[in-house]
Amino acid sequence: RSALPAAQNGQPATIEVLIPDFRGSRAALDTVLDAAPDIINHNVETPPAHYPRIRPQADYAQSLELLARVRAAGAIAKSGLMVGLGETDDEVRATLADLAATGCHIATIGQYMRPSRNHPPVERYVHPDVFDGYAAHGHALGIPHVFSAPLVRSSYNARAAYDALQQLRGQ
């Protein structure tokens, strides 16, 4: 990895890829794993009850299987979800439990912001204290890094999480 460009802080750049579920294709995921990116991110986006409305083209169980396969391959698995799309706090906590069960290393939770009138409206704005509760719950479930706040996005603090995980692994 010495051929990678240096990040602004002088450390080598890390590579995080954001991938689809590949419709369950093991060969497609193996291609990504063979490229050995530092972090493999696949966002579940929302609790499963909201998939028909928010992610009709996706399959929640398939997403969880993909994340488990990433972890089983020894790669760093990351996922994220948005809140404010009609989910309950219990559904968010259950989604975090599902992510923990896959061995997910990093989870991000942020407030959904409607990008255009063609997208679903925001159904609620989640209080920052609730985001703190999501993070505490994720940590209690064994997810090493949970970034949860209104403005958190999928790549939030990616480098810091990667460096911390490397330290845990003794690298």
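The values are calculated or read from the model by the stated rules, or taken from the named source; none is laboratory data. Just so we're clear, the structure is a prediction, and the values are computed from it rather than from any experiment. Methodologically, a virtual Cβ is constructed for each residue, glycine included, from the backbone with ideal geometry; neighbour enumeration extends over all protein chains shown. Surface accessibility is based on the protein's heavy atoms, side chains included, excluding ligands, DNA and RNA. Shrake-Rupley method; radii C 1.70, N 1.55, O 1.52, S 1.80 Å.
Only one of A72, A28, A58, A77 is open to solvent by 40 Å² or more (accessible area, probe 1.4 Å) and either touching a residue at least 12 places away in the same chain (Cβ under 8 Å) or among the aliphatic types (A, V, I, L, M) (or both); which?
On the way: A28 fails: open to solvent by 40 Å² or more (accessible area, probe 1.4 Å); A58 fails: open to solvent by 40 Å² or more (accessible area, probe 1.4 Å); A77 fails: open to solvent by 40 Å² or more (accessible area, probe 1.4 Å).
When all the criteria are applied, what remains is A72.
Under the condition of being open to solvent by 90 Å² or more (accessible area, probe 1.4 Å) and in contact (Cβ under 8 Å) with a residue 12 or more places away in the chain, which residue from region 114-130 is farthest from V152 (Cα to Cα)?
E123
I'd like to verify a number: residues in region 88-113 that are surrounded by fewer than 22 Cβ atoms within 10 Å (Cβ to Cβ) and not polar (S, T, N, Q), how many?
Residues in region 88-113 being surrounded by fewer than 22 Cβ atoms within 10 Å (Cβ to Cβ) and not polar (S, T, N, Q): 12 in total.
Restricting attention to region 78-126, which residues are more than 19 Å from P56 (Cα to Cα), of a type in the set (G, A, S) and in a loop (DSSP other than H, G, I, E, B)?
G103
Within region 131-157, take every residue that is assigned to a loop (DSSP other than H, G, I, E, B) and among the aliphatic types (A, V, I, L, M) and give me the one that is most open to solvent (accessible area, probe 1.4 Å). Step through it out loud before you land on a result.
Restricting attention to region 131-157, the residues satisfying the condition of being assigned to a loop (DSSP other than H, G, I, E, B) are 141-144, 149-157.
In the following step, the residues that additionally are among the aliphatic types (A, V, I, L, M) were identified as 141, 143, 149, 151-152.
Working: L141: 70, I143: 2, A149: 34, L151: 128, V152: 6 Å².
Looking at the filtered set, the residue picked out is L151.
Quick check on region 37-64: of everything there that is touching a helix residue (DSSP H, G or I) at 6+ places or on another chain (Cβ under 7 Å) and part of a helix (DSSP H, G or I), which residue is farthest from Y112 (Cα to Cα)? It would help to see each step written out before you state the result.
Initial filter on region 37-64 (touching a helix residue (DSSP H, G or I) at 6+ places or on another chain (Cβ under 7 Å)): 38-40, 42, 44-49, 51, 58, 60, 62, 64.
Now drop any that are not part of a helix (DSSP H, G or I), which leaves 48-49, 51, 60, 62, 64.
Working: P48: 16, A49: 17, Y51: 15, Y60: 19, Q62: 23, L64: 21 Å.
Applying the filter and picking the extreme gives Q62.
Name, by its number, the condition in (1) open to solvent by 40 Å² or more (accessible area, probe 1.4 Å); (2) modelled with pLDDT under 95; (3) assigned to a loop (DSSP other than H, G, I, E, B) that does not hold for P20.
All conditions are met except number (2).
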